[in-house]
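So the structure is just underneath, and the comments pick up after that.
The values are calculated or read from the model by the stated rules, or taken from the named source; none is laboratory data. Keep in mind the model is a prediction, meaning the values are calculated, not measured. Neighbour counts run over all protein chains shown; Cβ positions are idealised from the backbone, glycine included. Quick note on the areas: whole protein, heavy atoms, side chains included, nothing else; ligands and nucleic acids left out. Shrake-Rupley method; radii C 1.70, N 1.55, O 1.52, S 1.80 Å.
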Amino acid sequence: MTNLPLQSDCSNCAALCCVTFEFEVSDDFAISKPAETACPNLDECGQCKVHDDLTEMGFRGCAVYECHGAGQRVTQELFGGRSWQQDPTLLQPMSRSFRQVRRLHELLMLLETAGTLPLSLGDDAARVALVKSVDALVIKMPAEQEIDEAVARVHAFLQSLKGYA
């Protein structure tokens with residue numbers, strides 16, 4: 001198991017999911033919004049004004065979204081609690097980091113789940129080594145190619161575990 005909180009904690013995030021992603025009118029979103037633009041449902045404090053009624057108001061995509069702890073990690077750890085809301089120059093770097101950290105946290109979730117299998121000592125050691133290498137990438141703020149390589153390594157490792165399932 002990782003020692004990282006791999007579940008969202010919106011109270012320690014800068015509403016990164018509400019600003020980073022683009023969405024278009026669909027069954028999941030009642031409105032269209034470009035990427036790196038604040039959702040019009042955010043209030044002046046960065047809180048969702050319609051959070052309790054997301055599904056009823058046509059924002060099912062928001063209601064089911066889970067960042068796996070990437071939002072608070074970017075906001076608190078990588079940006080020291082600073083926010084694009086107070087410093088608009090942080091919008092693009094925070095959004096970029098959020099996209100990256102979310103991908104890496106998804107890998108950590110997969111590796112954590114693999115840890116629930118009755119792995120051999122060697123396979124568990126390989127899993128722990130992968131957790132450490134993926135987690136180290138978060139702080140490094142890597143290039144996309146490095147993240148793609150981590151994805152490939154984790155997926156190859158997970159494929160090697162077929163015999164446990």
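Counting protein heavy atoms only, the range 51-165 has 58 percent of its accessible area on carbon and sulfur, 1.4 angstrom probe.
Computed 3J(HN,Hα) for the range 148-162, one whole-Hz value per residue from the Karplus formula 6.51 cos²θ - 1.76 cosθ + 1.60 where θ = phi - 60°, is 4, 5, 5, 4, 4, 5, 5, 5, 4, 4, 4, 4, 5, 8, 3, glycine and proline marked x.
Spin-label model, ASP87 to THR37: label points 7 Å out along the Cα-to-beta-carbon direction sit 2.6 nm apart.
Accessible-area rank, largest first, for GLU44, GLU144: GLU44, GLU144, with all protein chains present and a 1.4 angstrom probe. Between LEU119 and GLU66, the FRET efficiency from the beta-carbon distance, with R0 = 30 Å, is close to 0.75. For the chain, adding -39500 (n - 2.57) for each run of n ≥ 4 DSSP H residues and dividing by the number of residues yields -13500 deg cm²/dmol at 222 nm. Highest mean packing comes first when the peptides 112-118, 7-13 are listed by Cβ atoms within 10 Å, giving 7-13, 112-118. Averaged over its residues, the range 70-121 has an accessible area of 47 Å² per residue, based on protein heavy atoms and a 1.4 Å probe. When you filter the trypsin sites (Lys or Arg not before Pro) in the range 37-82 for DSSP loop state and at most 16 other Cβ atoms inside 10 Å of their Cβ, you are left with LYS49, ARG82. Other residues lying with their Cβ under 15 Å from the Cβ of THR113 contribute a combined charge of -3, Lys and Arg counting +1, Asp and Glu -1.
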